[in-house]
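Below is one structure, written out as structure tokens; comments come after it.
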Amino acid sequence: MSSRSDILNRLRQPSNRKIAGQLPEWQDKDLFSDYPDSKDDLLNLFDTQLKKLSGSLYPVMGFEHAAKKLNDLLQEIDPKECRAHESPLINELKLHNQEISKYLTYIDRESISSEDFAQFTVGITGADCLISRTGSVLIHTTTAGGRRLSVLPPTHIVIAEEKQLFPSIEDALQELVQVKNNWSYATLITGPSRTSDIEKQLVLGAHGPKHLIVILIKN
Amino acid sequence: MSEFTRFINQSRLFSRDEEHRLKILKAISTYDDKVDQMKISQFRDWQQARGYASKIKQYVLDHLPTLLEEFEEKISARGAEVLWARDKKEAQKYFLDIAKRHQAKRVVKSKSMTTEEIEFNELCEDNDIDVIESDLGELIVQLAGEKPYHIVTPAMHKSKAEIGHLFQESLGAPETDDAEELTMIAREHLRKTYVTSDIGVTGANFIVAHEGALVMTENEGNGRLTMSCPPVHIAIVGIEKVLPRLSDLSLFLPLLATSGTGQQVTGYNSIIKGPRQEGELDGPEKMYIILLDNGRSELYTKHEFRDILCCIRCGACLNACPVYRTIGGHTYHTPYQGPVGSVITPQFRGMNHWSHLSFASSLCAACSSVCPVHIDIHQLLLENRWEAHQEGKTGFSWNTGLKIWSWVMSSRGRLNTMSTLGHIVYRWFLPFLSRSKRKRIPKIPKRSFEKLWNDYEQQI
């Protein structure tokens, strides 16, 4: 007998245990005391939570300001080694800022070895949604340009719009289920990479990005 | 040396090591503060959240084979290969076959308890495959040639100075005892590993049946790198890790983070639905999932033990346990320590050598009271004792002692006689018989509870 049927058969042996019943249904609103009270709180709460985690948020009005902010940030780091994932949102930023459009390279059309990839200093991606209650960013392979761009470079910049803000994790998971294409990987990012493995002392930038920056475009 | 003798010797050693106890106390009290605070600041009602979580896990137990098949079907459709491993040997064989097929020379691994269970690192070493632990805590214990001290915090027992010394010796790093500098040394050391490894090996915290996905929780990002850079990804996962729906994560991610580390949610929660798909820019070309049984289905058939398969390995029961806090993680000599380890180890590895773990408990139930999925862990320790007794694994003195105890306890008169007798022995002889330096014998009151009660009743 194969191991598969061996294991499954054993799990199917009759038992006199009482069946527990149906799966419970709940809403995050009823479960979590830090659930945002109203729509107006979403941005403030997201800001507070992300800062608590040592991430940075820049809410800006419109594409022009967003493009300027992005350019300022990139100039501070190292514009040559920045890579972005092509998306309508970032294309729009490029249109609004000549400088960015000159140096910002998309990763989408070339196949890059991981060794080369490790040289990049900034990864710029979009997001599926932002979660207010936990200060998290949800991305999947389509919005994030694959798996490496958001984790290998020491700085991860997320470009998102205000309409992408949601109250809690359940909303993010609902968004994810609705994504039609066949993605293989998604991740809920809550702050920069961190560890407390040495004497329970918090250190940022263990293996993933040391800096997590969100540029939020308001209308 | 038998496991039992080893356990007693180690317990003696560690419980007297004040420096060690201080380190553990410090780590666990930091944890306690954060967890207590997070339970209040995040949840409206922690007990309600536990109730939901327990219900979901009970549902999973009721439908485990069907949910596993559903997971297999969904994730296979996206090109992942699912392999079912009856035991450690079979899981090892699967891995070696895959390594051979892909001519792997180097493996990078993120933290996973199932790999500890199948002694993965030893397997690689025996087969000339380079294996590198990427979790900071795991890297520290690997370099020190030790085993993880705790299922969530593997290097809990190491001080900054010890780690500094270790990095200096094994990595040629400059001397430092600064936690941040030490973390950066590990970061630099491991960067190259991710991009030059042939296989990335991870565990998983959850199997999501309906969507056919694995979920992995971490803070450092080493897990993400491990399943993003190498061309092959192997996930080794216990068959009990199932959740029915993706939406269940909205409870289980905060629940696990709160109980595990006192965080709202952990830094990275990755959902993996297969290898690289068409149109995706990167990711492993091949993904294998080794579903590890290794005693779990056997445990499942004993319905009184089935609840322990609800465990989400948060480590809360270890931190709460007065025995764990005193004797430390290494004394258990098993991948799973503390109360949960004391339930499953004798079950997985046999009462013969391991039943002593279920007896090394005061049954204070601290473990059960902190368990986020409501497992009555201390009750299962009792079940283990009963099973050990049934199998004749308890000694003559234990059996006779309990017979005498039950004979005495079943009559008020006999109990009174024995307590008077005990009183005399305790008062007049015990101080001379056991001159212990570590324990002071407490004074007992002159009048027993029964006498006080009688007086009280007469008064009213």
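The values are calculated or read from the model by the stated rules, or taken from the named source; none is laboratory data. Computed from a predicted model, the values in this text were never measured in an experiment. Cβ: placed from backbone, ideal geometry, glycine included. Neighbour counts: every protein chain shown.
Some observations on this one:
- Count of segment B:128-170 residues which are out of contact with any helix residue (DSSP H, G or I) (no Cβ under 7 Å at 6 or more places or on another chain) and closer than 14 Å to A:Thr195 by Cβ: 2
- Looking across segment B:186-229, the residues that are at the interface with chain A (Cβ under 8 Å from one of its Cβ atoms), crowded, with 24+ Cβ neighbours inside 10 Å and of a type outside the set (Asp, Glu) come down to B:Ala186, B:Tyr194, B:Asn219, B:Gly221, B:Asn222, B:Arg224, B:Leu225, B:Met227, B:Ser228, B:Cys229.
- Scan of segment B:308-326 for residues that are assigned to a helix (DSSP H, G or I) and under 15 Å from the mean Cα position of the chain (by Cα), ordered by number: B:Ile308, B:Leu309, B:Cys310, B:Ala316, B:Cys317, B:Leu318, B:Asn319, B:Ala320, B:Val323, B:Tyr324, B:Arg325
- Some residue of segment B:172-182 being within 11 Å of chain A (Cβ to nearest Cβ), within 27 Å of the chain's Cα centre (by Cα) and surrounded by 23 or more Cβ atoms within 10 Å (Cβ to Cβ): yes
- Matching residues in segment A:1-37 - criterion: being more than 9 Å from chain B (Cβ to nearest Cβ) and closer than 22 Å to A:Val214 by Cα: A:Pro36
- Selected residue (criterion: nearest to B:Thr114 (Cα to Cα)) from residues of segment B:125-154 that are within 11 Å of chain A (Cβ to nearest Cβ) and either more than 18 Å from the chain's Cα centre (by Cα) or not in a loop (DSSP other than H, G, I, E, B) (or both): B:Glu138
- Scanning segment A:68-91 for residues that are in contact with a strand residue (DSSP E or B) (Cβ under 9 Å, 6 or more places away or on another chain) and under 17 Å from A:Lys218 (Cα atoms) returns A:Lys68, A:Lys69, A:Leu70, A:Leu89, A:Ile90.
- Among residues of segment B:247-264 that are more than 7 Å from every other protein chain (Cβ to nearest Cβ), those with a Cβ under 6 angstrom from a residue that is in a loop (DSSP other than H, G, I, E, B) and polar (S, T, N, Q), sequence gap 6+ or separate chain, pair up as B:Ala257/B:Gln263; B:Ala257/B:Thr266.
- As a summary of the residue check, B:Gly274 satisfies the conditions (1) of a type in the set (Gly, Ala, Ser); (2) within 7 Å of chain A (Cβ to nearest Cβ); (3) in a helix (DSSP H, G or I) except for the one numbered (3).
- Here B:Lys57 meets each of (1) within 30 Å of B:Asp293 (Cα to Cα); (2) more than 10 Å from chain A (Cβ to nearest Cβ); (3) within 21 Å of the chain's Cα centre (by Cα) with one exception, condition (2).
- Filtered residue count, segment A:173-219, keeping only those that are in a loop (DSSP other than H, G, I, E, B) and either at pLDDT 95 or above or of a type outside the set (Ser, Thr, Tyr) (or both): 23
- Segment B:1-79 holds helices (runs of 4 or more DSSP H) entirely within its bounds, and those carrying 2 or more residues that are buried (at least 20 other Cβ atoms within 10 Å of the Cβ) map to B:18-42, B:46-62, B:64-77.
- If you check A:Pro36, A:Pro24 for being within 36 Å of the chain's Cα centre (by Cα) and either buried (at least 18 other Cβ atoms within 10 Å of the Cβ) or under 19 Å from B:Gln263 (Cβ atoms) (or both), only one passes: A:Pro36.
- Single residue of segment B:327-356 satisfying the filter (within 14 Å of the chain's Cα centre (by Cα) and of a type in the set (A, V, I, L, M)) that is nearest to B:Val35 (Cα to Cα): B:Val340
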